Structures are given as C-alpha cells and as structure tokens.
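Presented below is the structure to which this report refers.
The values are calculated or read from the model by the stated rules, or taken from the named source; none is laboratory data. Remember, it's a predicted structure, so these values are computed and weren't measured experimentally. Every residue, glycine as well, gets a Cβ built from its backbone with ideal geometry; the counts of neighbours run over all protein chains shown. All accessible areas refer to the heavy atoms of the entire protein, side chains included, with ligands and DNA or RNA removed. Shrake-Rupley method; radii C 1.70, N 1.55, O 1.52, S 1.80 Å.
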Number of protein chains: 2
Amino acid sequence: MSKNSDHPIRAVAFDAYGTLFDVHSVMSLAEQICPGRGEALSMLWRQKQIEYSWLRAMSGRYKPFWEITRDALRFAVARLAPELAPAAEARLMNQYASLSAFPENIGALRELRALGLPLAILTNGNREMIEVSVRSSGMEGLFAHLLSSESVQTFKTRDAIYDLGPQALGVPVSDILFVSSNCWDAIAATWYGYRSFWINRTGAPLEVLDTAPHATGSLLTEVVSYARERLA
Amino acid sequence: MSKNSDHPIRAVAFDAYGTLFDVHSVMSLAEQICPGRGEALSMLWRQKQIEYSWLRAMSGRYKPFWEITRDALRFAVARLAPELAPAAEARLMNQYASLSAFPENIGALRELRALGLPLAILTNGNREMIEVSVRSSGMEGLFAHLLSSESVQTFKTRDAIYDLGPQALGVPVSDILFVSSNCWDAIAATWYGYRSFWINRTGAPLEVLDTAPHATGSLLTEVVSYARERLA
C-alpha cells in the first residue's frame, strides 16, 4: 500500500476546499438560483477558481483566494447564466464563506489528534477565508497550524506553498501525510516530497501525471487507519 | 482600440493549437469513434492537455507536449469512454498530428508577410509536433521562427517560454503582437509585456483576470487590419 514505508507519519496536513469542507452546499444553492444549471455553474465556478490560482501562481500575479473565487464565479455566470441578478453573486459568495464539514470529518480529525499527531491545514485560501470556514464548520481547536497562501503570496503547486508544511510542523516532509481530495494536489505534494493520501470521494480516474499518491481512499476515516499503522 | 498605441508592431508571434490549427477535426473523429460523447471527449482532452502543461510548468516536471497530449487523452477516455479499444487512441493521436489550418489563416499569414512583418509560432508543442503540423496544414515557409517549449523545457505561462519571442525576433516585446485563441494565453502574454490579440472564435466571455488583451477579433484576417494600422 505504501511506496515509502520506511518513513513513519509524524504529522498530517490537509487541503481545505473539497477535502475538509463540503462545497456541495454551494451546488444546491446554485440550483435554486439557476434551475437546471446549478451543477454546471458550480462545476465551472470551481474549475475556474483552480485555473485562475494556477495562472496567477505561474505568472507571479498573486491575489487573495477569496477575490479569485469571486472572479471565477463572475466568469461562470457570464458563460452560463448572464441574466443572473447581481444579488445572486452575494448569496453564492456567502454560501462559500460558511461551508459545512463532510459528515465523517470531525470524528476522523479527533481520532488523528488522539493518536498524538499534530494537524495542519495547508490551503490556497487566504487567512480570513480559512478561519471563517474552520469556525463555521465546527473545526475550531483541531488544528495546530492554519497554513495559507497569503503568507507566501502564491498558490499550489508552487514549492513555496508546500514549503509551509515542514516549516511549521518541524518534521521532515517525508514524515508528513498530506491529504487532499484534489488528485492534482496530492500528486504535486508527492512530487514535492510529502507522503500523500488522495480522498477520491467521487470515484474519479487517477490524473495521468506519471505519479500516483501513496494511498487513496474515499473517506477521511480511512486516513485514520492508514496513519495508525504508520506511527513513529 | 489599442491601449499601447505608442508602440509600432514590428513582428507577430502566434500560438499554434486552436489559433493556427483547427482542432475541430479531432472532434469529428471522436464523435465517430464514440457516438454521442465526441464533443465531451475532445473538450475534456483539450482541457486536461492544458491542465497537465500548467501543472508540469508550475512544478518543474517538463515532458514533451506530444506525450502530455496522449496522457490527457488517456484521462479523458478513462473518465468518459473506458470501453474504447486501444486502437482508438492511435487514431485520435494521428488525427492530432495532421490538423488542418482554419480556412482564412493562410491568406492572412501571407498578407502579414506582405506587410514586411516577420512571423513566428510560439507554442507549447514540441519541435517535431509543430513541424509536422506546419507541413500538414500547408504553412511551410511562412514563419521565420518555430519557437517551442522544448528549448526551455517548460510551458506557458512561465516567463521562460514567453522570453523566446523577443529573443528570436530581435525586437522589444512591446513591439511584438502575440496572437492566441486561448484567452488565458493572450492575457499572460499581456502580463509579460507583449501587445496581444485574442482570437475569440466562439464568442467566449473574457477570463476574469484583471487584464484584457489589447485587441479581440474572431478571425485571423482581423489581425491583418490591426497590424496594418500600426506598422513602424
């Protein structure tokens, strides 16, 4: 199961959006606001959010992720629902600010804590955005570190943002389990040197990038059993 | 119309795929091979091709664009048409190797040449791939330079690949008109310092990246009139 079994797991770093926080609540609201196009709208919104973070990371054009999220929504609306009233944007953005946790997550995070593992969030989100999400999803107090793109002014998959994990957690990167529901993020973290766990909630095929995450599962609870077998 | 009217145009650099070469012939074949899903397959193929080039550019994992194109096709097939026979991959890749030019392109390129402007291709494609496409589309002899990702081992939107334009053409970047049908490419070239022209063939909305190309049109012939008004 592990490609890297010599290294014990000494800490766990989590991606935020889609991994800890369920962005599907946004889809329901998008469907209410824009019947028949809610799924397409929220998928294009998410795709553009990621694309814009990549383009800005590549070209050295940092901008807070909250603003990128709004830019991406504006593109998705222009493409798919140009008749939407401006108030709809505010409703969708508010929904994004108060995402809920996936149902199994808080229990799984508490179990990882009980194993003695320090936990971190390592996210493209800017600091305010991630603090609000942690509070609104009931995850306060579970994380030793909230590591944000804001401190390095760039986004995944640049090395500068993955640097934050070993710097803050104070252990070698190969001993940090990095958990993401975004396959590209799990693979780029593997390239960087993390041990990686891909949460594949939707049964998506593996991205074809010549690298696989060290482990894959469909729920955060599987991270607990994976880590328990590999403690220092 | 121009934001940058002090600078005359002294050379023109073109993106290749989607700008000079029509990738729609791939869509027709995809529809034959995979009825009802040809459009979705070719769109996901193209999207993944771009995504993989971005991820590899950001993470320093260069691989020839032809191989990335095959990787992207494999992902698209795994997601949308996992029952496809392996021979279908070869047929689709062959189609990609012999793309036709958009109908107006060769005439427009000849007119630009007649204005005395040196022309270049500046592309993510590797050298062999682009040479084959130039030959198979009847564009041989029109370009002074074929500038490929291969020489810098990275992809758009990294500065290293946009560097190739002024280096090869020997004029300041602000005097080079960069033409692309990919809005993100036209915008990133603008960030870099080119004068930019977005060929928006499909009426797509502008990407929301705080920057607009200097000019937009729907056909390559519009580049000719734009350049003619701004000669040195």
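Points to keep in mind about this one:
- One residue from B:A11, B:A87 being farther than 28 Å from A:W191 by Cα and either exposed (fewer than 15 other Cβ atoms within 10 Å of the Cβ) or within 14 Å of another protein chain (Cβ to nearest Cβ) (or both): B:A87
- Scan of the stretch B:215-231 for residues that are small (G, A, S) and surrounded by fewer than 15 Cβ atoms within 10 Å (Cβ to Cβ), ordered by number: B:S218, B:S225
- Qualifying positions in the stretch B:167-211 - in a helix (DSSP H, G or I), open to solvent by 30 Å² or more (accessible area, probe 1.4 Å) and more than 13 Å from chain A (Cβ to nearest Cβ): B:Q167, B:A168, B:V173
- The single condition from (1) open to solvent by 30 Å² or more (accessible area, probe 1.4 Å); (2) in contact (Cβ under 8 Å) with a residue 60 or more places away in the chain; (3) within 16 Å of the chain's Cα centre (by Cα) that B:G107 fails is (3).
- Candidates are the residues of the stretch B:111-129 that are at pLDDT 95 or above and aliphatic (A, V, I, L, M); the one that is surrounded by the most Cβ atoms within 10 Å (Cβ to Cβ) is B:L122.
- Condition check for B:A160: open to solvent by less than 10 Å² (accessible area, probe 1.4 Å), without any contact (Cβ under 8 Å) to a residue 40 or more places away in the chain and within 14 Å of chain A (Cβ to nearest Cβ): no
- Near pairs, Cβ below 9 angstrom, 6+ apart or cross-chain, from the stretch A:178-201 (polar (S, T, N, Q)) to any residue that is modelled with pLDDT under 95 and open to solvent by less than 20 Å² (accessible area, probe 1.4 Å): A:S180/A:G18; A:S181/A:Y17; A:S181/A:G18; A:N182/A:Y17; A:N182/A:G18
- The stretch B:68-104: number of residues that are part of a helix (DSSP H, G or I) and either of a type in the set (S, T, N, Q) or touching a residue at least 60 places away in the same chain (Cβ under 8 Å) (or both): 6
- Just one of the listed residues (A:L92, A:L41, A:L80) is farther than 30 Å from A:R228 by Cβ, among the hydrophobic types (A, V, I, L, M, F, W, C) and open to solvent by 10 Å² or more (accessible area, probe 1.4 Å), namely A:L80.
- Single condition A:C34 does not satisfy, out of (1) open to solvent by 10 Å² or more (accessible area, probe 1.4 Å); (2) over 21 Å from the mean Cα position of the chain (by Cα); (3) not assigned by TED's automatic domain parsing to the domain that holds A:S174: (1)
- Subset of the stretch A:130-157 (residues that are in a loop (DSSP other than H, G, I, E, B), under 27 Å from A:G60 (Cβ atoms) and open to solvent by less than 10 Å² (accessible area, probe 1.4 Å)): A:F155, A:K156, A:T157
- Residue check for B:G125: without any contact (Cβ under 8 Å) to a residue 60 or more places away in the chain and not in a helix (DSSP H, G or I): no
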